[in-house]
Each structure stands twice: as C-alpha cells, then as structure tokens.
Amino acid sequence: MSFQFTEENLKRIEEARKKYPTSLAAVMDACYIGQEQNGHISEEVMEEISRVLDVPKTDVLGVVTFYTMYHQKPMGKYHIQVCTNVSCMLRGGYEIFDAIKNKLGIDNMEVTEDGKFSIEEVECMGACGGAPMIAINNDYYENMTKEKVLEILESLK
Amino acid sequence: MEKIVLPDIPNLDNLDVYIENGGFEGAKKAFQMSREDVIEEVKKSGLRGRGGAGFFTGLKWSFMPRTKTKPHYLAVNGDESEPGSFKDRQIFEKNPHQLIEGIIIAAYAIQAETVYIYIRGEYYNWIQMLQKAIDANYERGHLGEKMRETFNTDFYCNVYIHRGAGAYICGEESALMNSIEGRRGYPRVKPPFPAQNGLWGNPTTINNVETITNVPKIIANGGEWFASIGAPKHPGTLLFGVSGHVNKPGVYELPTGTLLTDIIYNYAGGVPGNKKIKCVIPGGSSMPPLRGDSIEGVKMDADSLREAGSMIGTGGIMVMDEDTNLLDVLLRISHFYHHESCGQCTPCREGTGWMEKILRRIKNGQGTSRDLDLLVDVAKNIEGRTVCALGDAAAWPVKFMIERFRDEFEKYVKPEVVIPVPNKIHSLKHSTFTVESIKISSKDGIQLKLDN
C-alpha cells in the first residue's frame, strides 16, 4: 500500500519548505500534512515525506517518534484529549477523564470499535484558567463538568 | 494602572483598531534610531525575560555580533508548556499586532532578517489567529520587503510560524532551535551560546512572546517610563495566570511586586468556601512551592520571590486549598517531568523515573519515611547535573515539597528508623526496621518482629 500526497498538499509542503534554509526543517510541517491526509503517520507516509523533501527516512522517523502529537496508529475521528495536569486535576480533571473512559468503554490511547472516538490523557495544554479542560481534535472546551462533557460527546456524530 | 501587554481595548486584534490606539508608533520611532540606541533603550528599561529565567533582554540583544557576516535569526518562544502558565495564548488572541510590532523592533535591533515564532502544536486555533494577523501586516507593508518603504529604512524581515508538536522540552531555547531545524527536541550543550551559534550555526536570539510584546511600548514611551513601573529591579507588568482553587481563575496583568495575597484574594476572588491555603506554586509547576502560612507579604517579582524561597518562573500561580492531597499533586508533577524528559542526560532520564516510582510506592501505602529522604537525595542528584534546566525543574518540586511539607508527607508513610543492633554475623552492622516491628516491654526489653 503506497501513500502519495495530493497535489494540493504537495503545494503546501513546498510552501512550508520555503520558510527555511534547509528541507529538514519542513519535516514537522510535512508530518502534520501527512497525518491530516492519511489519519496517522504510517511507514509509507514517512517514506513519502523522506522522498518529497529529500531527507533520510531515519530523520523523519526520529521526529515522528519524539513528538507526541504525531500518531503512528489510527486515532478516532474525534480525538479527545483530557488534561489531568495539576491545575485541571485540582478542579476535577480525573473525574472527567474517568467519565469519558466509562462512557466510551475505552482506555487511554484506545479507539472505539466504530473508529469514531479515541481518548488521550495529555499534559498541560495551557488552559489552566479554564480548568478542567478537554480538547477535541484542535478545539478547546474549557470549564468542563461531567455533565457538560457527556453532552458534548452526545452531540458529536 | 496602565496595562502594557493586554490593554482593555475592544477588538485590538483588528489592525486598524491597533493603529488607531498608537500601534506602530514604537516601530516608526525605532527605525529613526540606530540599532545600538534601540538596544540601549531596552537596557535602560530593565526589561527582563518573561519565560522563566528573567535574563535582561537588552543585554541578551547586545550579545549578537555587531558586524554581520552570517544570517541572523530571531526565535520567539511561544511554546508555553509549563503547567500553570497560559498567558501567551491571550497575546495571540487579543493583542497579536503588538507582538508583531515588537518582533519588528527586536529583529531590527539584532539585524535578523528571518524570524520564527515557535508555537506549541496544541494551539492550532491560536496559530491561525496569529497567522491572520501576520498576513494583515504583510498586506499593510509592515513586514517583508515592503517595510523598507513603509518605515523608510533599508531593513526588512520575514516572519514565520513554526508549529511544535507536543513536547514540553521545546520551550527550552536550544531544544526549540533543534525543533525549528526539524530535529528531535534535544537541548544543546552551552556554550556555545545561541548568540554565537544558534539556528543552523548562525547568531540567534530567543525571546519569550510576552517579553517581545513589551518592547513597542518601551520604545514609544522610553526606557525610563518602563523602569518606573512595578518593582525597581524587575520592572514592568507581568501576566499572572492564576489557577487551581480560586473563585476567579484567569490571567491578570499587574505590576511586578504586587502582593501574592492581593492577587489571590482581590483579583482571583479568593479560595472557594473560604478555605485556608495549604500550598501555592508561584511560577509554574517547576518552581519551588510555598507553604500557605508563609505567603503573607510575599511580593511577586524575581528578587522578592527568591528571598521568599521560590522563583517567579512564568508567573503561573497555582493555588491549593487545605483539603488538597499534596502527595497526589507531587506524584502528578513527577509523572509530568518523567514523561517530558527528553532522555538525553542520565540523571534526568533515570532520576525522574525513580522519583515517580518511589512516589507511586508511597501512594500505594508501601512507603517508609526513609523513602522521603531518598526522594530528596535523588532530586539533589539530578539538580545541576543536566544539559538543560528540565533536570532542575523536575528536582525542585520534589525537593522543596518534601522539605517544606514534611509533616504532611510523613502521614502517608510508615515511620522507619535505623538503629544499630548487635548482629551475630556482623556485630556492628546497622539494620533497618519499621517502627511497628519494634516491641518494647519491661519484661522482655526490646524485641524485633521480622516479616521475612
């Protein structure tokens, strides 16, 4: 199974490449674009990034394995990130984490059978003033309660 | 009180509104000054870095080579991953143009033609907001080659956002540079310092987002004006992010030197249920915690906090009420640093793991009081023995939390004593027993009940 970037994404990578004096620096942007197109960063995606940017495959692998926001296995359509760091913990972060786990019947870094939801316990996301918080894909939801979280889950189809 | 970084002006994220309210006056003035004079003015203002270390910004800029033989870079640190700090996000959202104006002035002062704003990957929506603001400034001729005409100068710079991908360590300046270069975020050994050998081996300056956002007002109003605000040795305002057990958590811009109790009780609305405060971490999770009964009279500026036994860090104030289980808090903090250690230096990679394991043992009810000493010992063996400051950041909460709240932690462990007992094989060897296993009676004297 081979992976190829779409024309549009190739252009985006080319744009990212122009920001830097070396092509290696564009690897992080390319990984995001690959993850967006493919859902996760498989070995084929890494090979394609290495080919497009002309950088060693090992360098791409090094980046993908270092940063936690790159996923090497498929995540749900809605990737739910729950902060349990101190500020959120003090205001009930773990209760919310448990409530979501119970509701979806999955544990940390697991995906529901229908592929719709995945859940990740994350470190501080910089929303301590709105603690406890969760993020679904790129969107922040602050000042959460168990009820509000379950309501949000219901609304996601 | 005048707010410098986040003024109460509605729609300030609109470029026209920003310009109507004195925007780009600082940049215009800067381009009529020489580079040296801009740096001199910032030095005079006493502006110190807002990212945690509190280094003098003007002095940092002056380390950049005066004659340019290689490209110069400015990297703006918006990684903001320190638990308890959430200030830079407010700047991206509410006052992005002042940040961009500050970048223009700083880039001019250090002759950087390329600027990277490093923003953590989770801030996707705020990256979009800032990119919109950058695009608007390109259109208006404030950035790129057009700025030569706009500001009547021979200098121009380009500004790019580099999106991080979820690594706390990339907030460390040299790890941040590796990340911009597209590598794993490993901190570099210093020296050489970034001003000599930074991005791609070229002279680079790294400043925090909040630091840079202060610059336009300093140039517009003069360094002396800025130096007169707040604490004399650490002037200006700070964005204090208050979180945890307070009624009104949020970001409050206040002059340095404001009383910690004033921030907690007057601005953040006090503690819910009027409970007492057990512990306050004044500058983000890596700073030494203060006991609730010792915060009276503590002022929030670098020197006053140092005297009080902590540090200003990023100004992220975490408040914990009297019912907080500090063991849970410390375990969570240790888990964080274990998770975020990049693995480069042995003391940090191994030590953070051991500290978490020992704390988990205590949490499981199997800890003894000697474990507390062991924790402090491990922490002291990490501190100062690593390439970057993450080692210290991991060690301080453990060391100071246990030292300052020993009474609290003793409750979670079995007391253990070391008494010299005559041993038939090694007559003077010291042996260790838990207090429960020692029975003292007048009839039998001291008896030991051994489990194994």
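General remarks:
- Whenever a residue of segment B:253-265 is more than 15 Å from B:Pro235 (Cα to Cα), its partners that are small (Gly, Ala, Ser), lying with C-beta atoms within less than 7 angstrom and at least six residues away or across chains, give the pairs B:Ile264/B:Gly270.
- Segment B:76-90, subset surrounded by 24 or more Cβ atoms within 10 Å (Cβ to Cβ) and assigned to a helix (DSSP H, G or I), residue farthest from the chain's Cα centre (by Cα): B:Arg89
- Among the criteria (1) touching a Phe, Trp or Tyr at 6+ places or on another chain (Cβ under 8 Å); (2) among the polar types (S, T, N, Q); (3) in contact (Cβ under 8 Å) with a residue 12 or more places away in the chain; (4) assigned to a helix (DSSP H, G or I), the one B:Gln131 does not fulfil is (1).
- Checked against (1) under 20 Å from the mean Cα position of the chain (by Cα); (2) crowded, with 19+ Cβ neighbours inside 10 Å; (3) not hydrophobic (A, V, I, L, M, F, W, C), B:Gly384 passes all but condition (2).
- Residue that is surrounded by the fewest Cβ atoms within 10 Å (Cβ to Cβ), among those in segment B:45-75 that are part of a loop (DSSP other than H, G, I, E, B) and polar (S, T, N, Q): B:Thr67
- Checking each residue in segment B:352-368 for being in contact with a helix residue (DSSP H, G or I) (Cβ under 7 Å, 6 or more places away or on another chain) and either surrounded by fewer than 19 Cβ atoms within 10 Å (Cβ to Cβ) or among the hydrophobic types (A, V, I, L, M, F, W, C) (or both) picks out B:Gly353, B:Trp354, B:Met355, B:Ile358, B:Leu359, B:Arg360, B:Arg361, B:Ile362, B:Lys363.
- Taken over segment A:36-61, the criterion of being within 14 Å of chain B (Cβ to nearest Cβ), surrounded by fewer than 20 Cβ atoms within 10 Å (Cβ to Cβ) and under 17 Å from the mean Cα position of the chain (by Cα) is satisfied by A:Glu36, A:His40, A:Leu61.
- Matching residues, segment B:157-174, being buried (at least 24 other Cβ atoms within 10 Å of the Cβ) and facing chain A (nearest Cβ under 8 Å): B:His162, B:Gly164, B:Ala167, B:Tyr168
- Selection of segment A:103-126 for residues being in contact (Cβ under 8 Å) with a residue 24 or more places away in the chain, out of contact with any Gly (no Cβ under 7 Å at 6 or more places or on another chain) and more than 14 Å from every other protein chain (Cβ to nearest Cβ) yields A:Lys103, A:Leu104, A:Ile119.
- Residues within segment B:102-128 that are buried (at least 20 other Cβ atoms within 10 Å of the Cβ) and not in a helix (DSSP H, G or I), tallied: 8
- B:Ile4 being crowded, with 20+ Cβ neighbours inside 10 Å, assigned to a loop (DSSP other than H, G, I, E, B) and not assigned by TED's automatic domain parsing to the domain that holds B:Thr153: yes
- Conditions (1) over 11 Å from the mean Cα position of the chain (by Cα); (2) more than 14 Å from chain A (Cβ to nearest Cβ): number failed by B:Gly49: (1)
- Flag for A:Pro21 being assigned to a loop (DSSP other than H, G, I, E, B), under 30 Å from B:Tyr73 (Cβ atoms) and not polar (S, T, N, Q): yes
- Among the residues of segment B:134-182, the ones that are of a type in the set (A, V, I, L, M, F, W, C), assigned to a helix (DSSP H, G or I) and under 23 Å from the mean Cα position of the chain (by Cα) come to 6 in all.
- Where strands (runs of 3 or more DSSP E) fall entirely within segment B:200-290, those with at least 1 residues that are surrounded by 21 or more Cβ atoms within 10 Å (Cβ to Cβ), polar (S, T, N, Q) and in contact with a strand residue (DSSP E or B) (Cβ under 7 Å, 6 or more places away or on another chain) are at B:204-208, B:237-244.
- Within segment A:71-157, helices (runs of 4 or more DSSP H) holding 1 or more residues that are charged (D, E, K, R) and surrounded by 15 or more Cβ atoms within 10 Å (Cβ to Cβ): A:93-104, A:146-155
- Taken together, B:Arg332, B:Arg361 contain a single residue that is assigned by TED's automatic domain parsing to the domain that holds B:Cys388 and farther than 21 Å from A:Gly130 by Cα, which is B:Arg361.
- 1 or more residues hydrophobic (A, V, I, L, M, F, W, C), touching a residue at least 24 places away in the same chain (Cβ under 8 Å) and closer than 24 Å to A:Val122 by Cα: qualifying helices (runs of 4 or more DSSP H) within segment B:294-397: B:326-340, B:346-363
- When A:Phe3 is tested against the conditions (1) within 30 Å of A:Cys128 (Cα to Cα); (2) in contact (Cβ under 8 Å) with a residue 12 or more places away in the chain; (3) surrounded by fewer than 20 Cβ atoms within 10 Å (Cβ to Cβ); (4) among the aromatic types (Phe, Trp, Tyr), the lone failure is (1).
- Residues that are within 13 Å of another protein chain (Cβ to nearest Cβ) and either touching an Asp or Glu at 6+ places or on another chain (Cβ under 8 Å) or within 16 Å of B:Leu327 (Cβ to Cβ) (or both), drawn from segment A:83-102: A:Cys83, A:Thr84, A:Asn85, A:Val86, A:Met89, A:Leu90, A:Tyr94, A:Phe97
- Here B:Ser81 meets the list (1) in contact with a Cys (Cβ under 7 Å, 6 or more places away or on another chain); (2) more than 10 Å from every other protein chain (Cβ to nearest Cβ); (3) among the small types (Gly, Ala, Ser) almost entirely, failing just condition (2).
- Residues satisfying the stated conditions in segment B:291-328, i.e. within 13 Å of chain A (Cβ to nearest Cβ), more than 17 Å from B:Val242 (Cα to Cα) and buried (at least 19 other Cβ atoms within 10 Å of the Cβ): B:Leu326, B:Leu327
The values are calculated or read from the model by the stated rules, or taken from the named source; none is laboratory data. Note that this is a predicted model, so its numbers are computed, not measured. No Cβ is skipped: glycine too gets one built from the backbone with ideal geometry, and neighbour counts run over all protein chains shown.
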